[in-house]
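Rule-based calculations on the coordinates, nothing more; no lab input. Note that the structure is predicted; figures quoted are calculated from it, not measured. Because the Cβ atoms are built from the backbone with ideal geometry, glycine has one as well, and the counts that use them run over all protein chains shown.
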Amino acid sequence: MTEAWARLFQGRPAWLSVIMLFCAYMTFIYLPWDFVWKPVAVDQEAWFGVVLTGWAAKATEPLHWAIYAAGTYGLYRMRAWMWPWASLYVLQIAIGMFVWQLLDDRGRGWPMGVVAALPFLVLSVMLWRARPLFARPTGAAEA
C-alpha cells in the first residue's frame with residue numbers, strides 16, 4: 001500500500017499533489033454531495049465573484065464538477081493540456097474573490113478583496129510557471 005501511495009504522488013512537486021488531492025476531494029466527495037443531496041434552496045455557486053443561488057446554482061454545478069474532474073485527471077497524469085488552463089482557472093478564482101468582496105453584503109470592500117485574491121493570484125503564477133512540468137509525462141503519468 002505504501003508503494004501505491006508513493007506512486008500516486010510521484011512525478012510532481014508537493015504543492016501540485018495538494019492541488020490534485022483537492023480536485024479529487026471536490027470531484028468524488030463534495031460535488032456529488034452538493035449536487036445530489038444539498039437542497040436547491042440553500043445551493044450556491046460562484047462564478048467570477050457573482051454568487052448564483054437556487055436553480056441557477058444547481059444548473060451550473062455540473063460545470064464545476066467537470067472542471068474539478070478534469071483537474072484531478074490532468075494533474076494525476078500530468079497532461080500537457082493542464083497548462084495554461086489550470087493557471088487561468090485559478091486566476092478566475094482570484095478575480096472572483098476580489099469581485100465577491102466588492103459585491104457581496106458580507107464583503108469588506110477592495111482591501112479585503114486584495115487579501116482574499118492574493119493567495120490565488122500567487123498560485124496562478126506558480127501554475128503558469130510550471131509549464132515544463134506538464135511538457136512531459138512523469139511518475140504517475142507513466143503508470
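Miscellaneous remarks
- Toward the positive end of the charge dipole of the chain, with +1 on the Cβ of Lys and Arg and -1 on the Cβ of Asp and Glu, the farthest Cα among 26, 71, 37 is that of 71.
- GNM on the chain, alpha-carbon springs under 10 angstrom: the most fluctuating residue among 108, 79, 12 is 108.
- A cut-off under 10 angstrom between Cβ atoms defines the neighbours of residue 38, and their net charge, with Lys, Arg +1 and Asp, Glu -1, is -2.
- Choice from 85, 128, 33 with maximal GNM fluctuation in the chain (Cα, 10 Å cutoff): 33
- Recomputing P(r) over Cα pairs in 10 Å bins from 0, in percent from the coordinates shown identifies the correct label among (1) 12, 40, 35, 12, 1; (2) 12, 34, 34, 17, 3; (3) 11, 41, 31, 14, 2 as (2).
- In the elastic network of the chain, a GNM with C-alpha springs shorter than 10 Å, the most mobile of 27, 53, 72 is 53.
- Simple rule: put +1 on each Lys or Arg Cβ and -1 on each Asp or Glu Cβ in segment 2-138, find the dipole, and look at 2, 114, 92; the Cα lying farthest toward the positive end is 2.
- Dipole magnitude (debye, nearest 20) for the chain, charges at Cβ of Lys, Arg, Asp, Glu: 480 debye
- With Cα atoms, 0 to 90° folded angle of helix 82-103 axis to the chain main axis: 20 degrees
- C-alpha long axis of helix 14-25 to longest principal axis of the chain, angle in °: 60 degrees
- Helical contribution to [θ] at 222 nm, DSSP H n ≥ 4, -39,500 (n - 2.57), averaged over the chain, rounded to 500: -21500 deg cm²/dmol
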